[in-house]
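Visitor: Sharing a structure with you now.
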Amino acid sequence: MDNEAQRAFRRARATTRDLTRLARNPKCPTLRLGVAARVDFNAYLKARGAFAQGEQSPFALAFGNRFESRLHRDGELLKALVAASLVPEGDDAVLDLSAGAWNEAGLKARAARTADQLNEAHAGARAPRLMVHPVLPLPLGSDAPTLYVVPDALVRIDRVFRPVEIKSFPDLGARTDKESLRAARLQAAVQVLALRAVTRGIDPDAFVPPLAVLVLGRAGSLGPRAHVAEDLEGEIHQIETLAVPAWRLGILRERTLAEAHVAPAAGLDGEPVAYTERCASFCPLARSCRDRLRAERRVELLGDKPAKTLAPLSSIDAARAAVSDPSAAPPAAQGIAGELAEIARLVPLRPVR
Ligand code: SF4
């Protein structure tokens with residue numbers, strides 16, 4: 001792959017979503033390399049005649065963008081925060097930090113403006129109630145790039161700013177879509193981490209709690225509903241202990257490939273995958289990975305639980321052979337005859353289409 005083709009597969013910058021994807025499957029070498037090398041998965045799949053999965057449909061994306069724009073444009077965001085009793089009525093000072101280029105220099109300038117506002121608020125000076133699209137740099141370690149996190153907003157509650165994450169899916173209480181909520185909480189966790197990093201630079205002793213404000217669609221209307229997402233510590237832990245180390249592993253792999261003169265996008269084809277049932281909900285490569293598993297007749301196609309039990313076997317065919325004649329199973333699978341029989345009963349080991 002020449003340099004020009006390589007550039008076509010590379011995105012300009014890494015995003016919060018990259019980090020949250022890694023938190024969902026840090027064991028997948030393909031995802032790690034793709035994220036660390038900023039591979040544009042859509043361009044990569046298109047060049048191979050394949051389709052992306054796990055992404056929002058263009059319709060859902062446009063609806064979400066319109067929902068967020070309207071909230072900012074018509075002051076509905078502030079009204080939703082007042083309605084949820086998170087901020088008092090009458091303070092509508094909004095600072096829009098959206099202007100500026102999305103390149104390194106532009107993001108740095110916006111990050112400096114955001115830090116100034118946080119600094120002044122911390123010092124007790126008058127600060128806006130709401131900052132729209134602030135920029136919070138999150139260092140990921142000396143061997144990884146700084147991630148510029150751009151929350152939808154920061155809201156000042158009792159002199160302290162909190163991240164605000166806007167999503168257009170409806171808030172249905174206990175029946176709210178779990179996967180969407182999980183993704184939103186992970187995004188909010190990254191924003192808390194970034195806010196902590198910036199706040200530490202202002203006052204090392206300042207405490208930034210593990211909470212953020214989620215603004216979802218109000219069920220049965222096109223309006224918003226705000227609530228505080230508390231106790232994001234679990235998600236923060238997931239980001240710190242799983243996603244960030246996975247990113248660093250991806251960088252190491254990219255460097256090894258570079259030494260062998262292999263471009264990351266070309267390297268993805270040969271990288272192992274660690275497919276799980278949840279991949280389809282967050283990874284654009286899910287469909288292409290399933291095709292690959294089908295071609296290799298891998299046991300992951302049977303589902304997470306059977307795949308874990310059948311891990312000592314190389315393929316579905318090997319599992320079928322072991323079910324029909326346990327004594328001929330490879331030594332590594334000799335201890336799982338009972339489990340094999342149970343799986344064969346529950347999941348017919350037929351050829352998978
Ligand atoms: S879909 Fe494929 S690349 Fe993405 S996380 Fe799953 S196994 Fe990895």
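The values are calculated or read from the model by the stated rules, or taken from the named source; none is laboratory data. All values derive from a computational prediction rather than experimental measurement. With ideal geometry, Cβ positions are generated from the backbone for all residues, glycine too; neighbour counts draw on all protein chains shown.
Visitor: Report the residue count in segment 58-109 for those that are part of a helix (DSSP H, G or I) and hydrophobic (A, V, I, L, M, F, W, C). Can you show your working first?
Guide: Filtering segment 58-109 for residues part of a helix (DSSP H, G or I) gives 58-73, 76-83, 104-109.
Filter again for hydrophobic (A, V, I, L, M, F, W, C), leaving 59-63, 67, 71, 77-78, 80-83, 105, 107, 109.
Selection size over segment 58-109: 16.
Visitor: Something else: How many residues does segment 213-228 contain that are surrounded by 15 or more Cβ atoms within 10 Å (Cβ to Cβ) and in contact (Cβ under 8 Å) with a residue 60 or more places away in the chain? Steps first, answer last, please.
Guide: Quick first cut of segment 213-228, residues surrounded by 15 or more Cβ atoms within 10 Å (Cβ to Cβ) only: 213-218, 223-226.
From what's left, in contact (Cβ under 8 Å) with a residue 60 or more places away in the chain: 213, 215, 217, 223-226.
The qualifying residues number 7.
Visitor: Can I ask one more? Could you please find all residues in segment 260-285 being near the ligand (Cβ under 9 Å from one of its atoms) and either crowded, with 19+ Cβ neighbours inside 10 Å or β-branched (Val, Ile, Thr) (or both)?
Guide: Those that are near the ligand (Cβ under 9 Å from one of its atoms) and either crowded, with 19+ Cβ neighbours inside 10 Å or β-branched (Val, Ile, Thr) (or both): Leu268, Val273, Tyr275, Thr276, Cys279, Phe282, Cys283, Pro284, Leu285.
Visitor: Next up: Restricting attention to segment 99-143, report how many residues are surrounded by 13 or more Cβ atoms within 10 Å (Cβ to Cβ) and of a type in the set (Ser, Thr, Tyr).
Guide: Going through segment 99-143 one residue at a time, the tally reaches 1.
Visitor: Moving on to the next point. Taking the stated definitions as given, is Asn42 modelled with pLDDT under 95, within 18 Å of the chain's Cα centre (by Cα) and surrounded by fewer than 16 Cβ atoms within 10 Å (Cβ to Cβ)? Let's see the steps before the verdict.
Guide: Working: modelled with pLDDT under 95: yes; within 18 Å of the chain's Cα centre (by Cα): yes; surrounded by fewer than 16 Cβ atoms within 10 Å (Cβ to Cβ): yes.
Against the criterion (modelled with pLDDT under 95, within 18 Å of the chain's Cα centre (by Cα) and surrounded by fewer than 16 Cβ atoms within 10 Å (Cβ to Cβ)), Asn42 qualifies.
Visitor: Kindly state which helices (runs of 4 or more DSSP H) lie completely within segment 272-340 and contain at least 1 residues that are in contact with a Cys (Cβ under 7 Å, 6 or more places away or on another chain) and in contact (Cβ under 8 Å) with a residue 12 or more places away in the chain. Reasoning before the result, please.
Guide: On the way: elements: 286-296, 304-309, 316-324.
Qualifying helices (runs of 4 or more DSSP H): 286-296.
Visitor: Being of a type in the set (Lys, Arg), within 10 Å of the ligand (Cβ to nearest atom) and surrounded by fewer than 23 Cβ atoms within 10 Å (Cβ to Cβ) is the filter here; which residues of segment 27-39 pass it?
Guide: Lys27
Visitor: Quick check, is Arg66 modelled with pLDDT under 95 and closer than 28 Å to Pro134 by Cβ? Outline the logic, then answer.
Guide: Details: modelled with pLDDT under 95: yes; closer than 28 Å to Pro134 by Cβ: yes.
In short, yes.
Visitor: If you don't mind, another one. Name the single residue, out of those in segment 286-301 being near the ligand (Cβ under 8 Å from one of its atoms) and of a type in the set (A, V, I, L, M, F, W, C), that is farthest from Gln187 (Cα to Cα).
Guide: Of everything passing the filter in segment 286-301, Cys289 is farthest from Gln187 (Cα to Cα).
Visitor: Further question: Does Leu242 satisfy the criteria of being closer than 23 Å to Ser180 by Cα and within 23 Å of the chain's Cα centre (by Cα)? Break it down into steps so the answer makes sense when it comes.
Guide: Details: closer than 23 Å to Ser180 by Cα: yes; within 23 Å of the chain's Cα centre (by Cα): yes.
Answer is yes for this residue.
Visitor: Tell me, yes or no, whether segment 170-179 has at least one residue that is surrounded by fewer than 20 Cβ atoms within 10 Å (Cβ to Cβ), hydrophobic (A, V, I, L, M, F, W, C) and assigned to a strand (DSSP E or B). Steps first, please.
Guide: Taking segment 170-179 as the starting set, the residues that turn out to be surrounded by fewer than 20 Cβ atoms within 10 Å (Cβ to Cβ) are 170-179.
Okay, now just the ones that are also hydrophobic (A, V, I, L, M, F, W, C), so 172, 174.
With the extra rule that they be assigned to a strand (DSSP E or B), the set shrinks to none.
Within segment 170-179, none of the residues are surrounded by fewer than 20 Cβ atoms within 10 Å (Cβ to Cβ), hydrophobic (A, V, I, L, M, F, W, C) and assigned to a strand (DSSP E or B).
Visitor: Follow-up question, since we're still on this one. Among the residues of segment 55-73, is there at least one that is surrounded by 15 or more Cβ atoms within 10 Å (Cβ to Cβ), aliphatic (A, V, I, L, M) and within 16 Å of the ligand (Cβ to nearest atom)?
Guide: No, segment 55-73 contains no residue that is surrounded by 15 or more Cβ atoms within 10 Å (Cβ to Cβ), aliphatic (A, V, I, L, M) and within 16 Å of the ligand (Cβ to nearest atom).
Visitor: Here's a follow-up. Does Leu257 qualify as being assigned to a helix (DSSP H, G or I) and touching a helix residue (DSSP H, G or I) at 6+ places or on another chain (Cβ under 6 Å)? Working first, answer last.
Guide: Values: assigned to a helix (DSSP H, G or I): yes; touching a helix residue (DSSP H, G or I) at 6+ places or on another chain (Cβ under 6 Å): yes.
For Leu257, the condition - assigned to a helix (DSSP H, G or I) and touching a helix residue (DSSP H, G or I) at 6+ places or on another chain (Cβ under 6 Å) - is met.
Visitor: Using the structure shown, decide if Ser314 is among the hydroxyl-bearing types (Ser, Thr, Tyr), under 31 Å from the mean Cα position of the chain (by Cα) and away from the ligand (no atom under 16 Å from the Cβ). Step through it out loud before you land on a result.
Guide: Numbers: among the hydroxyl-bearing types (Ser, Thr, Tyr): yes; under 31 Å from the mean Cα position of the chain (by Cα): yes; away from the ligand (no atom under 16 Å from the Cβ): yes.
For Ser314, the condition - among the hydroxyl-bearing types (Ser, Thr, Tyr), under 31 Å from the mean Cα position of the chain (by Cα) and away from the ligand (no atom under 16 Å from the Cβ) - is met.
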